[in-house]
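For reference, the structure is listed below as structure tokens.
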Amino acid sequence: MVKFGWDKLKRFLAQANTWSGQQTFSSINVTGGTIAGATITENFTTSTDPATNAAVTTAIVNSYNGVVVTLTAAGNTQTLQSPTTTATIRKFMVINNDTSNNSLSVVANSVTFTLTAGEGQCFLWDGTAWGPTDLGITSIPVPVTQGGTGSSTAAGAFTNIKQAATTSTSGVTIYSGTTKALAGTDTASAMTPADTKAAIDARLPTENLIGVPGQMGFGVGICPPANLPPGMVGMPGYDQLGSDNYGNYIYKEGSVMIWVPRFYYRIAHADNPTYATYGVNSIDIKGIDTYPTTALANAAGYALHRAFIDGGVEKLGFFRDKYKCSKVANGTGFTAGSIKNGLPLSSAAAHNPFSGLTGGANYYYSAIDLAHRRDGVDGAVNTSSIFFCSSQFMRSAIAMLSMAHGQAATSTANCAWYLANKNYPKGCNNNALSDTDDTTVKWENDGYSNCGKTGSAGYGGGAGNVFAKSTHNGQNCGSADDNGLMYEISIGATCIATTKAIEAISRANPCEITITGHGLVSGDVMQIGTAITQADWVGLNGKVWPITKTGDNTFTVAFDSSGFGTAYDDVTDPGTCVLGTFYVAKEATSMKDFTNGVAAATDHWGATGVAAMMDRFVPPFGAGDTFAQRFGSGGNQVLSEATSGAGYLLSGLGLPKDADGMDATGTNLFGKDYCYVYVINDMCLLVASGWSDTATAGVWLAAFSATRGYSGDYAGFRAACYHV
């Protein structure tokens, strides 16, 4: 054994020495130099469930390099105490044992560090205060400038650290959502695959879809190519959603037509998207993409529109003239064509007359014949023509699409005519080449009175003066001028009426009228022909009266004469009754087969043709209604929700479900459009109204007041056809 004196030992230790073998030292203070190949064991203590600050007292931080704390219950906060010798730089670690049941809060320099079980934190004493080993952090949450996020929440942290993406810089951008993706105008947002699919699907539509109310392209669509009639081709952009020509086709002689795909409607249903606002008058529209069959649609409360039944067959859709008919050259002849900025035909010699066309005559009935000439040789009648004068069923479909679109729209984005409380297509109807509800839109004069040219809405330009305000869907691709400009002859319904002398009227409630062999059944309608002049009894004049048959020679009407002091005198006051029965085309009837006479089995008028081609129906006329009624009556339901039967038929004709659906005032929802109730033989239904009829005009207007032999400078027509 070698022994050293104290002085020698100090000199020995002061020298640079190399140690080999196993050596054990404690409390060695090394200043400078290195220690290699040595294992240094930290000097830790332990503490279980310590009281506040008990695990980090001055004594402990003086004597140990750290402490392992075990918690069996909620722990007490441990605030690191200052060491006795403050000038000495030191480190101290606090560890929360992985067997602990709770988190441990450690405070250093007023900053709290929460250690979950198994976590530890090393602190450095810098001569004045304790701080964590990640030097430079001055606060919690850690500022962005010190490598943190500056926020205590994930959302806030993300907001603080994100960098905006640009075309040249990577970063973060906002989510577009389907609405922005479809709009296609936002240059900064990102899309999900689902948004991308929605945008692509919206711009690459499938064939024969009616669309979604309120959205782009609703109300027209793409005819399946295999079903295009010969000579009919799509216009440029016909298959591109958003194009002015979407769903628009042109026939070989120049007529522009829209294709209306088959659709189903549901009225007054609590599940309709617009029910909360429009209640019993809400209309929802679905296409074949939702309901491939009528049976499936009916099961959900939707009805196939009657316009899609023809010749006893359910149709894929129909073609209808985009514009009211004008005179166009067709070979060596002239026919009625659907062209923009045309001079609208009328049945009067003074105004673009029917007679100016090959084979035309200036009477309403000529419209049927003229439609058959479109695909004839040089304007001759084609007895196998696919074309016909547009039907009332098609007119109803256009009106229903307009209403559903207006109810779903929230702005003018896809519905140019959108206007609070006046939410329907606008028309040339104020006798000043504009619309009575929106004078910003203008038409070009056709040279006669204040009638406009076909499809000329937007003439002259200016704010709000756009063509789309005149279409059924508020878009350039829609049907133009269904409100005003000119009345249109609309086939598919008529009335056979006779005028007979009144033999007696009882003083009763209801009063009973005697006419020998009247020939009526309950639900038929009468009106006074030769006016009654006797006091009290004049109340029967100027009104329509649905009848109840009480015998072959008698019927009653809902007129109370029980209190009259004087009996009706048929000798001194020989009044007459016009007795009418109304008829509508059978589902088995093909519209193209109607001819314009009164005697043949195919004629639209006369007992023979009506018996072969039509069925009796009961019009929704109210007892004692004056002739001029308007669509809508307070909050009453107007159209029937029925998927079959009488109510279904009336909706298909665009007529109210009953007399409660119209009155002398009408409602804004239906444009206060007129329904002229009348009883007249060989009735020829007119729709749309003329250039001077103001608020009475509209997409719902129906006038029962004309006969086939009338002529007028205000009445023309459109043609239509079905697919092959």
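The values are calculated or read from the model by the stated rules, or taken from the named source; none is laboratory data. In this text the structure is predicted, and so the values were computed from the model without any measurement. No Cβ is skipped: glycine too gets one built from the backbone with ideal geometry, and neighbour counts run over all protein chains shown.
In region 266-318, what residues are closer than 30 Å to Phe387 by Cα, of a type in the set (Val, Ile, Thr), in contact (Cβ under 8 Å) with a residue 40 or more places away in the chain and not in a strand (DSSP E or B)?
Ile288
Could you please find all residues in region 699-724 being among the β-branched types (Val, Ile, Thr) and surrounded by 19 or more Cβ atoms within 10 Å (Cβ to Cβ)?
Answer for region 699-724, where residues must be among the β-branched types (Val, Ile, Thr) and surrounded by 19 or more Cβ atoms within 10 Å (Cβ to Cβ): just Val699.
Which of the residues belonging to region 621-638 are among the small types (Gly, Ala, Ser) and under 20 Å from Ser561 (Cβ atoms)?
Gly622, Ala623, Gly624
Every residue in region 575-598 that is among the acidic types (Asp, Glu) and more than 14 Å from Ile309 (Cβ to Cβ), please.
Correct list: Asp593 only.
State the number of residues belonging to region 379-395 that are closer than 20 Å to Met614 by Cβ and either in the same structural domain as Val687 (by TED's automatic domain parsing) or of a type in the set (Val, Ile, Thr) (or both).
Count: 0.
Looking for whichever is within 16 Å of the chain's Cα centre (by Cα), assigned by TED's automatic domain parsing to the domain that holds Arg718 and over 30 Å from Gly311 (Cβ atoms) here; the options are Ala457, Ala432, Ala420. Which one fits?
Testing whether each residue is within 16 Å of the chain's Cα centre (by Cα), assigned by TED's automatic domain parsing to the domain that holds Arg718 and over 30 Å from Gly311 (Cβ atoms) leaves just Ala420.
For the structure I just gave you, tell me whether Thr290 is of a type in the set (S, T, N, Q) and within 16 Å of Asn208 (Cβ to Cβ).
Yes.
Can you tell me which residue in region 262-271 is surrounded by the fewest Cβ atoms within 10 Å (Cβ to Cβ), limited to those that are in contact with a helix residue (DSSP H, G or I) (Cβ under 8 Å, 6 or more places away or on another chain) and either farther than 18 Å from Phe218 by Cα or not basic (Lys, Arg) (or both)?
Selected residue: His269.
For region 549-575, what are the residues that are β-branched (Val, Ile, Thr) and crowded, with 16+ Cβ neighbours inside 10 Å?
Thr554, Thr556, Val557
If you check Gly698, Gly690, which single one turns out to be modelled with pLDDT of 95 or more, of a type outside the set (A, V, I, L, M) and farther than 22 Å from Thr494 by Cβ?
Just a single option satisfies the conditions, and that option is Gly698.
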